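Colleague: Would you mind keeping the following structure in view while I ask a few things?
The values are calculated or read from the model by the stated rules, or taken from the named source; none is laboratory data. Remember, predicted model here, so these are calculated numbers, not experimental data. Here Cβ is always computed from backbone atoms with ideal geometry, including for glycine, and neighbour counts include all displayed protein chains. Remember, those area values only see protein heavy atoms, side chains included, never the ligands or the DNA or RNA. Shrake-Rupley method; radii C 1.70, N 1.55, O 1.52, S 1.80 Å.
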Amino acid sequence: MALWDRLKESASTMQTQLMAKKNDLKSGAFRDASMAMCALVAAADGSVDPSERQRVAQLIGTNEVLQNFPAEDLRRRFEGYVDQLTADFAFGKVSVMQEVAKAKKKPAEARAVVQIGIIIGGADGDFDKDEQAVVREACFTLDLPPHEFDL
């Protein structure tokens, strides 16, 4: 099976798992951590072009699990985290990872945040090494073993 096919299958499986937990994923910590994760994935290569920003914002708006929250609120948070990362990636990354860490207290939320990162990273058909690296780093921040997510 080609890498792209495995990635699509994995993202589909993760989305199904997230949907099963949707009713448990309503906390502010999950909301903030998932938007921080989306921003980290979008800015993983150190920059975010307008089309990438738009694509990720659209994915956030259409993800059924994230529909527990107002779309405009999610977009505002995502944009804020992206702005922090694009202003100074190294400094912004420290701050944004602190937001990801908010999900650490609830393992189901922590796993869901990582799964959202993988789904967003693979949405364009290329879950590249920079995106994988930030999701792997988030796993460590959340005390989750990266190999659980094939990272």
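Colleague: Dipole size in debye (nearest 20) for region 74-151 around its Cα centre, Lys and Arg Cβ +1, Asp and Glu Cβ -1? If you can, show how the numbers build up before the last one.
Modeller: Numbers: 11 positive and 14 negative charges, 101 e Å.
Charge dipole, region 74-151, about its Cα centre: 480 debye, nearest 20.
Colleague: Provide the FRET efficiency to the nearest 0.05 for the Lys129-Glu72 pair, computing r from the beta carbons and using R0 = 22 Å.
Modeller: So, using R0 = 22 Å, E works out to roughly 0.10.
Colleague: From largest accessible area down, sort Lys105, Lys26; use a 1.4 Å probe on the protein chains.
Modeller: Heavy-atom accessible area, descending, gives Lys105, Lys26.
Colleague: Any chance you could run the full-extension gain for Phe89 through Asp49? It's 0.36 nm times the residue separation minus the Cα-Cα distance, nm to one decimal.
Modeller: Gain on extension, Phe89 to Asp49, equals 13.0 nm.
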